[in-house]
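Here it is, the structure in full.
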Amino acid sequence: MRRVTLTQFLIETQREHQLIQADLRLLIEVVARACKAIAIAIGKGSLAGVLGSADTENVQGEVQKKLDVISNEILLEANEWGGHLAAMASEEMDGPYAISHRYPKGEYLLLFDPLDGSSNIDVNVSVGTIFSVLHCPEGVDEPEEKHFLQAGSRQVCAGYAVYGPTTLLVLTVGHGTHCFTLDREIGSFVLTERNMRIPEDTREFSINMSNMRHWEPPVTRYVQELLAGKSGSRGKDFNMRWVASMVADVHRIMTRGGIFMYPRDARDPGKPGKLRLMYEANPMAFIVEQAGGAATDGRQRILDVKPDTLHQRVAVFLGSRNEVDVVTRYHAEGG
Ligand code: P6P
């Protein structure tokens, strides 16, 4: 059966839905090509001396892995010359990355977590890249942080790459969520699942249980009901998975359902959770909702959260709609 490549899919989507302007198609293809380069860099591992720490810290105060820095540079270099971007922002950089005056500027803002889950990289567990695309506000030639601070509902595109047994690209431009698998023989991403759908119910939850004593009451109530299983109020047993790579956990949920939770906890009230809104929660929320799932911060839809800062964190509950609704209701009831 002849496979549909990413390029062909984008051109067909443009013809059918007028959803993908030429510059957005270029952006997606350039990001996909950068993800292929990241997959190759990761695949070399120890052989290329790219494992371990870079002995530097990012804006989050986290020690960067060499591959965090390499992946960030791959995405910057791939995207800066194409004329499709007004600026970029990354988990690994303090502020926006301006497009050099030697290149034309475009209408899009690209945000990314270049290598999510990198704490797993040294132990050979799946990691990924997450990206989000916004329009640059009209008339802004030199985008500043404030121009990135748009609610997730304004994204025009979001996607992630999973570097696992296969390299996958999962993508939405607001018309369903679709999965592409890297065919290493031809070096192209080919469409392997059109219109992914997340089952509305699930028996599988994802949370780092070691933080239980720090959770707010609604989360404790919800998880304890799941743990009570058949003999408890839910009347059925649940299973648990926690890869500690958001991309890997979310992709499992995209594939077979589940609920992913990274709640705020009492350890640091100033940090409402660990995950970042602009380049982790927002793109994942867009992708999940386009597949029939739900994504809230416990109190409101993640895509409605009004950002205050580029690297702000947010609590995340996403996945099978009926389970996200339960834990969100418990927050409304106060636990
Ligand atoms: P913890 C990876 O560092 C990450 O940002 C997400 O990919 C992942 O879901 C989470 O943190 C894991 O956090 O506290 O379990 O190590």
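The values are calculated or read from the model by the stated rules, or taken from the named source; none is laboratory data. As the structure is a computational prediction, the values presented were derived from the model and not from experiment. Glycine also receives a Cβ, built like all others from the backbone with ideal geometry; neighbour counts cover every protein chain displayed. Note: accessible area is taken over every heavy atom of the protein model, side chains too, but ligands, DNA and RNA are not part of it. Shrake-Rupley method; radii C 1.70, N 1.55, O 1.52, S 1.80 Å.
Here are 61, 45, 95, 82: which of them is outside any helix (DSSP H, G or I) and at positive phi?
On the way: 45 fails: outside any helix (DSSP H, G or I); 95 fails: at positive phi; 82 fails: at positive phi.
None of the other options fit; the residue is 61.
Okay, moving on. Going through segment 206-245 one residue at a time, which ones are within 15 Å of the ligand (Cβ to nearest atom) and in contact with a Leu (Cβ under 6 Å, 6 or more places away or on another chain)?
None; the set is empty.
Among the residues of segment 132-145, is any within 16 Å of the ligand (Cβ to nearest atom) and either at positive phi or assigned by TED's automatic domain parsing to the domain that holds residue 87 (or both)?
yes
To continue, here is another question. Which residue out of 164, 128 is within 16 Å of the ligand (Cβ to nearest atom) and either over 24 Å from residue 313 (Cα atoms) or open to solvent by 20 Å² or more (accessible area, probe 1.4 Å) (or both)?
164
In segment 99-137, what count of residues is obtained for those that are at pLDDT 95 or above, small (Gly, Ala, Ser) and in a loop (DSSP other than H, G, I, E, B)?
Number of matching residues: 2.
Go through segment 274-331 and report how many residues are closer than 21 Å to residue 131 by Cβ, basic (Lys, Arg) and in contact with a Pro (Cβ under 9 Å, 6 or more places away or on another chain).
Residues flagged as closer than 21 Å to residue 131 by Cβ, basic (Lys, Arg) and in contact with a Pro (Cβ under 9 Å, 6 or more places away or on another chain) within segment 274-331 amount to 1.
For residues that are aliphatic (A, V, I, L, M) and open to solvent by 10 Å² or more (accessible area, probe 1.4 Å), scanning just segment 260-286, find the one that is nearest to the ligand (Cβ to nearest atom). Even if it seems obvious, please write down each step before you answer.
Residues of segment 260-286 that are aliphatic (A, V, I, L, M), as a first pass: 261, 266, 275, 277-278, 281, 284-285.
From the residues that got through so far, the ones that are open to solvent by 10 Å² or more (accessible area, probe 1.4 Å) too are 266, 275.
Values: 266: 15, 275: 6 Å.
That would be 275.
Which residue pairs have Cβ atoms under 8 Å apart, sit 6 or more places apart or on different chains, and have a first residue in segment 100-123 that is among the acidic types (Asp, Glu) and more than 10 Å from the ligand (Cβ to nearest atom) and a second that is assigned to a helix (DSSP H, G or I) and open to solvent by less than 70 Å² (accessible area, probe 1.4 Å)?
Taking only residues 6 or more apart or on different chains, the pairs are 107/23.
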